[in-house]
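Everything below concerns the one structure shown next.
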Amino acid sequence: RRKIAILTSGGDAPGMNAAVRGVVRAAIMRGCDAYAVHEGYQGLVDGGDMIRKMGWDDVQGYLSTGGTIIGTARCKAFRERPGRLLAARNLVKEGIDALVVCGGDGSLTGADLFRSEWPSLLEELVKTKELTSEEAERFTHLNIVGLVGSIDNDMSSTDITIGAVTCLHRICESIDSISSTASSHSRAFVVEVMGRHCGWLALMAGIATGADFIFIPERPPSGENWRDNMCAEIKAHRDLGKRKTIVIVCEGAIDSNLNPITSKDMMDLLTDRLDLDTRMTILGHVQRGGKPCVYDRNLATMQGVEAVEAVLASRPGIPSPMIGMNENKITRTDLMKAVALTGEVAKAIGRKDFIGAMELRDPAFNQ
Ligand code: F6P
């Protein structure tokens, strides 16, 4: 019997539980044993009770629950080879040779590194007598499948990531609420949204709420006079009788010199230059928590099922797949190519953290 494990890693995202449920139930339906690794990569490193066999009923209620019930972590130990050695030993001891990782780009990079190191990890474990050669020989290949769970929607090779749509709904509901109080007081609001170095949430929320301005890392404001132009435009609207101003700032927004554009800077600008009664709202983790919307539940379920199919189809030499959604179809793409493409975008906008993550030296690893 094949033994397939799933873990969730990095920042939680609504829909991760549906992904766990999808993998567990699809694995059982296909005659495999399903396992959940608790607390992300930390659970792999710690082993024992952190790797638990899952039955059909163990994932009851998972579809509609936010966050990740099996836990997640940004695990330091797994970034180092000794941590990965422990993780490999624990998997072999449990007889698990397939791992589905649901997380962001850093988590998926770590997963593929683990796969590529697998033979040398096992060799070392045999040398140090942590494993017998018989044990190691039974698990010559580790199957990895990536599911992209991230509110940021910052991964290449997929149109959408698990959790992003729910998060967007949450942001828009919050901005709708802010809008009514802004209109009442004739105020300006600067709303900071998550997304790390990806402006998708800010851009989509800006369109959906009719915001006056948005700031995103991918498209820094052009020209030296962008502040003057922005103030002139807001003033013109105010002169026409507009009673509210909404500016959305992605937390990773930058100007054309790669300097951060902060929500505080924008609040001060509107206050000092336009004398607007301005408030700043940093939405924070309310964006990330809570029930997944229908789209995320179904996306994660379909992708969880596809992840199990990908495990069953995988062979040594076939690159690890990442399950995506492209043009409304669930797709399998090459995980490392997707990570590399994400890196190209990151480089283009000067994301030094991501380039570091690729080298597994940066704190952004395990995003
Ligand atoms: O990657 C998801 C995300 O929510 C980002 O949008 C945000 O920058 C980051 O995680 C926050 O991380 P933490 O929850 O560790 O503060």
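Please find, among Ala307, Ala300, the residue that is open to solvent by less than 30 Å² (accessible area, probe 1.4 Å), closer than 28 Å to Ile4 by Cβ and in contact with a Leu (Cβ under 6 Å, 6 or more places away or on another chain). Spell out the reasoning first.
Details: Ala300 fails: in contact with a Leu (Cβ under 6 Å, 6 or more places away or on another chain).
Exactly one of Ala307, Ala300 is open to solvent by less than 30 Å² (accessible area, probe 1.4 Å), closer than 28 Å to Ile4 by Cβ and in contact with a Leu (Cβ under 6 Å, 6 or more places away or on another chain), namely Ala307.
When residues in the range 311-367 are screened for being at pLDDT below 70, within 17 Å of Gly103 (Cα to Cα) and among the aliphatic types (A, V, I, L, M), 4 of them pass.
Within 16 Å of the ligand (Cβ to nearest atom) and open to solvent by 10 Å² or more (accessible area, probe 1.4 Å): does that describe Ile171? So Ile171 fails the test. Is there a residue being within 16 Å of the ligand (Cβ to nearest atom) and open to solvent by less than 20 Å² (accessible area, probe 1.4 Å) anywhere in the range 230-237? No, the range 230-237 contains no residue that is within 16 Å of the ligand (Cβ to nearest atom) and open to solvent by less than 20 Å² (accessible area, probe 1.4 Å).
Only residues that are among the polar types (S, T, N, Q) and within 12 Å of the ligand (Cβ to nearest atom) were counted across the range 146-168, and they come to 3. Here Ala88 clears all of (1) open to solvent by less than 10 Å² (accessible area, probe 1.4 Å); (2) closer than 18 Å to Val339 by Cβ except the condition numbered (2).
How many of the residues in the range 175-204 are under 23 Å from Ala13 (Cβ atoms), open to solvent by 30 Å² or more (accessible area, probe 1.4 Å) and at pLDDT 95 or above? Talk me through it step by step, then tell me what you get.
First, the residues of the range 175-204 that are under 23 Å from Ala13 (Cβ atoms): 175-177, 191-204.
Of the ones still in play, those that are also open to solvent by 30 Å² or more (accessible area, probe 1.4 Å) are 176-177, 192, 196-197, 200, 203-204.
Checking the rest, the ones that are also at pLDDT 95 or above come to 176-177, 192, 200, 203-204.
Count: 6.
For Val294, the conditions (1) under 21 Å from the mean Cα position of the chain (by Cα); (2) surrounded by fewer than 18 Cβ atoms within 10 Å (Cβ to Cβ); (3) closer than 28 Å to Gly252 by Cβ all hold with the exception of (3). For Ser156, the conditions (1) out of contact with any Leu (no Cβ under 9 Å at 6 or more places or on another chain); (2) open to solvent by 20 Å² or more (accessible area, probe 1.4 Å) are fulfilled apart from (1).
Can you find even one residue in the range 137-144 that is open to solvent by 10 Å² or more (accessible area, probe 1.4 Å), hydroxyl-bearing (Ser, Thr, Tyr) and at pLDDT 95 or above? No, the range 137-144 contains no residue that is open to solvent by 10 Å² or more (accessible area, probe 1.4 Å), hydroxyl-bearing (Ser, Thr, Tyr) and at pLDDT 95 or above. Out of the range 288-316, which residues are over 25 Å from Leu168 (Cα atoms) and touching a His at 6+ places or on another chain (Cβ under 9 Å)? Across the range 288-316, the qualifying residues are Ser314, Arg315, Pro316.
Within the range 238-257, being away from the ligand (no atom under 16 Å from the Cβ) and touching a helix residue (DSSP H, G or I) at 6+ places or on another chain (Cβ under 9 Å) holds for Arg238, Lys242, Arg243, Lys244, Thr245, Ile246, Val247, Asp255, Ser256.
On the given criteria, is Arg89 within 28 Å of the chain's Cα centre (by Cα), farther than 30 Å from Leu203 by Cα, part of a helix (DSSP H, G or I) and modelled with pLDDT of 90 or more?
So Arg89 fits the description; yes.
The values are calculated or read from the model by the stated rules, or taken from the named source; none is laboratory data. Just so it is clear, the model here is predicted, and its values are computed rather than measured. Glycine also receives a Cβ, built like all others from the backbone with ideal geometry; neighbour counts cover every protein chain displayed. Accessible surface is based on the protein model in full, side chains and every heavy atom, while ligands, DNA and RNA are left aside. Shrake-Rupley method; radii C 1.70, N 1.55, O 1.52, S 1.80 Å.
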